[in-house]
Amino acid sequence: MAAFSGSTRKQKADECLKTLKTNPEWGAQLVSVDDGKYYRVMIMGFPERAAANAACTALRQKPGFSDAFV
């Protein structure tokens, strides 16, 4: 859904996760990658890629999520 790097990566990832957690249907999680060099915010639990793509398309319409990806 989103990936963050740079000196404020954890803060930005936490903010993104907090926003996503307001929707209980999304099983949003924070994942540390490469020993904390990157953080990914992931939405899990879609039965197939097509469902994930559809949800991502809808999420991109919301402010702050135009760069969301599957």
**Residue pairs meeting the criteria (Cβ under 9 Å; at least 6 apart or on separate chains; first on the phi > 0 side of the Ramachandran plot, in the stretch 45-70; second surrounded by 11 or more Cβ atoms within 10 Å (Cβ to Cβ) and among the aromatic types (Phe, Trp, Tyr))** = GLY45/TRP26
**Item:** Residue in the stretch 28-42 that is touching a residue at least 40 places away in the same chain (Cβ under 8 Å) and either touching a strand residue (DSSP E or B) at 6+ places or on another chain (Cβ under 7 Å) or among the aromatic types (Phe, Trp, Tyr) (or both) present
**Value:** yes
**Complete:** Among (1) open to solvent by 70 Å² or more (accessible area, probe 1.4 Å); (2) in a helix (DSSP H, G or I); (3) in contact with a strand residue (DSSP E or B) (Cβ under 8 Å, 6 or more places away or on another chain), GLU15 falls short only on (3)
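Among the listed residues ALA28, ALA52, identify the single one that is surrounded by 15 or more Cβ atoms within 10 Å (Cβ to Cβ) and more than 12 Å from ALA2 (Cβ to Cβ).
That would be ALA52, the only listed residue that is surrounded by 15 or more Cβ atoms within 10 Å (Cβ to Cβ) and more than 12 Å from ALA2 (Cβ to Cβ).
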**Request:** Within the stretch 60-68, identify whether any single residue is in a helix (DSSP H, G or I) and not polar (S, T, N, Q), and answer yes or no.
**Result:** no
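Can we say ALA3 is aliphatic (A, V, I, L, M) and part of a strand (DSSP E or B)?
Details: aliphatic (A, V, I, L, M): yes; part of a strand (DSSP E or B): yes.
So ALA3 fits the description; yes.
The values are calculated or read from the model by the stated rules, or taken from the named source; none is laboratory data. Keep in mind it's a predicted model, so treat the numbers as computed, not measured. Methodologically, a virtual Cβ is constructed for each residue, glycine included, from the backbone with ideal geometry; neighbour enumeration extends over all protein chains shown. Accessible surface areas use protein heavy atoms only, side chains included; no ligands, DNA or RNA. Shrake-Rupley method; radii C 1.70, N 1.55, O 1.52, S 1.80 Å.
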